[in-house]
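Notes follow once the structure below has been shown.
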Amino acid sequence: MTVPLKIENGLRIHFVGIGGMGMAPLAMFLAESGCRVSGEDANLSPEVAQRLKAREIVIPEAGPADPAVSALVYSSAVGPDHPSLRSALDLGLPVFRRGEALAALAADRRLIAVAGSHGKTSSCAMLIHALRTAGMDPGYVLGGLFADDSIPPACRGSSDWLVAEIDESDGTIDLFSPEITLCVNLELDHCDRYADLEAIKIPFRALADRTKRAVFFNRACPVSRDLFGGRPPSSTISFGPGGDYDLLGSVEGGSGRVLSLGGRFGQTTARVRARGEFNAINACGALAVSGFLGVSPETDLLAAFPGVRRRQQILIEGPHLTVMEDYAHHPSEIGALIEAIRPAADRRLVIVFQPHRYSRTARFRTEFAQVLQRADRLYLMDVYPAAERPVDGGKIEDLLDAFRRFGDRSALPEVVVDDLAGRRRIAEDCRDGDFLLFVGAGSIDRFARGVVGTVCSLDDRMGRLTRFFRALRSDRVALESVRINEALDRKTTIRIGGPAELFAEPASVEELQVLLGAAHEAGLPVNILGRGSNLIVPDEGVAGLVVRLLHPNWGRIRRLEDGRLLVGAGLRLKELCGQACHQGWSGFEFLEGIPGTLGGALRMNAGAMGSWIYEVVDEVHLVTLNGEMRILGREALSVRYRSCDELAEAIAIGAILHPASEGESSVIRSRIEAYRDRRQEAQPKEPSAGCIFKNPDGDSAGRLIDALGLKGMRVGNAEISARHANFIINRGGATARDVIDLVRLVRDRVSRETNIVLEPEVLLYGRDWSEVLVGVRPPEAAASGGSATEDTSGVKPQ
């Protein structure tokens, strides 16, 4: 670093290696801070590229450094001979490592630094999630991507706190003077820089000296305990088993672990949505810092933690085969991971391991051989160098020699290459019931997805997936946008349900058409997902392809010359109302408070406060499920109560809307606020899917349920809301089965008592209610699905 980097509005910064998990979030933070950011990366994934472009970060073609750039930031994985780096130095441009740039933006914030050898990203993500859940709004820079795409990996925040990982691998840890330090653990690593354990203690001891308020350390880690335990208790706080913030124990429970806490926590419990004892300690550290800042360790503070990509990420899960990918790249991390996920005795554990850096492989080759002996079948990939040059003892041949010295295996690990033959070799070796684990911090994630695709081609049960992936071979962007076994519960407003077999968020009409065409060719069912309201995802998940139009391209609004509006289907109804209020467009006020998108409103014919969406629609633009683009005028649409027939087998991508009139913004705002107040008074605040039942002719479903005294009826953790009887709320941990059983009970009770059969308004996602609503038959005299009396709760379209 030649001169200090001053972060200011309009500063032009170019990132070299912008696709790295430490670099991309930092670039996003600086873009949000007003900097003009560009970047390059030879291995930039479409997923990361999409996130960067959404922040208006420019990704130019690789070439010489632009002399108009104010500064260049480069990744530690970028070698000194990189052309852009050399060009910048030749031009005399200020050049900074990633850690130096992070230290510059942290200089005027109250920094909570997350440091240590293993688990920094998971612990940092847990701390961010806990503070945000508690209502704080810290700035943060994560060293990875949240598994929930709706949560950005970096954010300026509105408070003066900044949560960020700091890295000892390149020495930039020496640049930080945090207010609070969370040290997750300490162990020898980064052997290219640190000769032994004593050497690695030096920067952490100095970091503790510079920490202004408190250092939190893991009491279960002997190195941390030795380094920090003797410091003044006023400035050093322990967490974990036996710590000041005491982790008394933890057990697997549901989708994560239940923690028993003591010490400064008080006697309480907490849940964390993560697996393994090491994640229980990570969660304890995050909750300890949160508690120190005044946040109570409530049971649900980390219960909805979305996780981090490439950390215990499930690619396929089922009794026939489970495939997981994880970032572990140190022997201790791999050992803890195996302990956390070790399958039942009747399942093979097959591991594919890619060593990370020659220096680490040379130092720990014996330890790698020891811990990987626990696999039932082992494959090795070549060392991922991360800009290192080969060192003696650190090549793949040296690691194989370490396995030979043990002599207790009938065969050596098999070396595979990231090519078609390598993918096929592993896929053909998979047996029914295997647990296939891909481990490493390099490019093994892409190899893992390639193997999954190959497994699909060899498994009759997954033949449709094979045809789908083959149909996408010619479109790499569309292919790489598809994710396997994507969790859907956090993508719904009621927060329940299983995964999508395939999930994609296309960025353009062309990409959407490619995906739909491939699904049509493969015979895969397709479901559209908006903001996840007005639907129940079954516990077993959804077969086929789930498409979500979340990219900013789908949320645009443009006024046409004749005064009408061209609106993308991904635009949130709340944003449409906000724009209408700002521009003086009257007629959209009734949509305020409906937490869905325009596409969902069109599909479900959303209505509230006596108005309906199709009263303001002139045209609907859609793509059929075989990929055909169509534009239909209002007169060509078959619109009925809570449905539009033409969108039952198509995806709305936009519409032309007409304002009722021009109006004063203040008058429109007044009506919006009045509608908002009415909804807030009527609707529950707990997670729900909106109105469960359609209103029968001349009556209200909510009134019928309320009249029978069913408010508060509960199945598991699903409950009829005490505020509005036509809402089922999730009390925390409810399952789709709970909701379905409660729907059946209410429907049966109303039918027996009133001779009216209520029909669900909420969708059973990927299935049909007729499959689960048995035993209740509509009486001949009863009619349902007619026009509704006014219901101030509104509808929550998907």
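Among the residues in the range 589-606, are any outside any strand (DSSP E or B) and on the phi > 0 side of the Ramachandran plot?
Scanning the range 589-606 turns up at least one residue that is outside any strand (DSSP E or B) and on the phi > 0 side of the Ramachandran plot.
Tally up the residues in the range 35-51 that are modelled with pLDDT under 90 and under 24 Å from residue 554 (Cα atoms), please.
The total comes to 8.
Working only within the range 410-433, note down all residues that are of a type in the set (D, E, K, R) and assigned to a loop (DSSP other than H, G, I, E, B).
418, 419, 431, 432
So if I check each of 621, 582, which one is in contact (Cβ under 8 Å) with a residue 24 or more places away in the chain and outside any strand (DSSP E or B)?
Residue meeting the stated conditions: 582.
What's the total number of residues in the range 346-390 that are surrounded by fewer than 17 Cβ atoms within 10 Å (Cβ to Cβ), free of Cβ contacts under 8 Å to residues at least 40 places away in the same chain and under 23 Å from residue 194 (Cα atoms)?
5
Among the numbered criteria (1) closer than 24 Å to residue 284 by Cβ; (2) open to solvent by 30 Å² or more (accessible area, probe 1.4 Å); (3) within 33 Å of the chain's Cα centre (by Cα), which one does residue 177 miss?
Status for residue 177: all satisfied but (1).
Which members of the range 330-347 meet the condition of being modelled with pLDDT under 90 and assigned to a loop (DSSP other than H, G, I, E, B)?
342, 343, 344, 345, 346, 347 - these are the residues of the range 330-347 that are modelled with pLDDT under 90 and assigned to a loop (DSSP other than H, G, I, E, B).
So, in the range 419-445, exactly how many residues are of a type outside the set (A, V, I, L, M, F, W, C), in contact (Cβ under 8 Å) with a residue 24 or more places away in the chain and closer than 23 Å to residue 358 by Cβ?
Going through the range 419-445 one residue at a time, the tally reaches 5.
Are any of the residues in the range 116-131 surrounded by fewer than 24 Cβ atoms within 10 Å (Cβ to Cβ) and free of Cβ contacts under 8 Å to residues at least 12 places away in the same chain?
No: zero hits.
Among the residues of the range 356-405, write down those that are in contact with a helix residue (DSSP H, G or I) (Cβ under 7 Å, 6 or more places away or on another chain), among the polar types (S, T, N, Q) and assigned to a helix (DSSP H, G or I).
Answer for the range 356-405, where residues must be in contact with a helix residue (DSSP H, G or I) (Cβ under 7 Å, 6 or more places away or on another chain), among the polar types (S, T, N, Q) and assigned to a helix (DSSP H, G or I): 361, 366.
Under 8 Å between Cβ atoms, at least 6 apart or on separate chains: pull out the pairs that start in the range 628-646 with a residue that is open to solvent by 50 Å² or more (accessible area, probe 1.4 Å) and end on any residue that is among the aromatic types (Phe, Trp, Tyr) and not in a loop (DSSP other than H, G, I, E, B).
634/614
Inside the range 490-526, can you point out the residues that are charged (D, E, K, R) and either open to solvent by less than 10 Å² (accessible area, probe 1.4 Å) or under 21 Å from residue 48 (Cα atoms) (or both)?
Within the range 490-526, 490, 491, 505, 510, 511 qualify.
Do we have any residue at all in the range 480-489 that's part of a helix (DSSP H, G or I), over 18 Å from residue 625 (Cβ atoms), open to solvent by 20 Å² or more (accessible area, probe 1.4 Å) and modelled with pLDDT under 90?
Checking the range 480-489: at least one residue is part of a helix (DSSP H, G or I), over 18 Å from residue 625 (Cβ atoms), open to solvent by 20 Å² or more (accessible area, probe 1.4 Å) and modelled with pLDDT under 90.
Could you tell me which of the residues 230, 243 is crowded, with 19+ Cβ neighbours inside 10 Å and assigned to a loop (DSSP other than H, G, I, E, B)?
On the way: 230 fails: crowded, with 19+ Cβ neighbours inside 10 Å.
So the residue among 230, 243 that is crowded, with 19+ Cβ neighbours inside 10 Å and assigned to a loop (DSSP other than H, G, I, E, B) is 243.
Within the range 572-592, track down each residue that is touching a Gly at 6+ places or on another chain (Cβ under 6 Å) and open to solvent by 10 Å² or more (accessible area, probe 1.4 Å).
Answer for the range 572-592, where residues must be touching a Gly at 6+ places or on another chain (Cβ under 6 Å) and open to solvent by 10 Å² or more (accessible area, probe 1.4 Å): just 586.
Give me the residue from the range 22-53 that is within 20 Å of residue 84 (Cα to Cα) and open to solvent by 30 Å² or more (accessible area, probe 1.4 Å) and, out of that set, farthest from the chain's Cα centre (by Cα).
Top of the filtered list is 36.
The values are calculated or read from the model by the stated rules, or taken from the named source; none is laboratory data. Bear in mind the structure is a predicted one, so any value in this text is a computation, not a measurement. For neighbour counting, all protein chains shown are included, and Cβ atoms are generated from backbone atoms with ideal geometry for every residue, glycine included. Just so you know, the surface numbers come from the protein's heavy atoms only, side chains and all, with ligands and any DNA or RNA stripped out. Shrake-Rupley method; radii C 1.70, N 1.55, O 1.52, S 1.80 Å.
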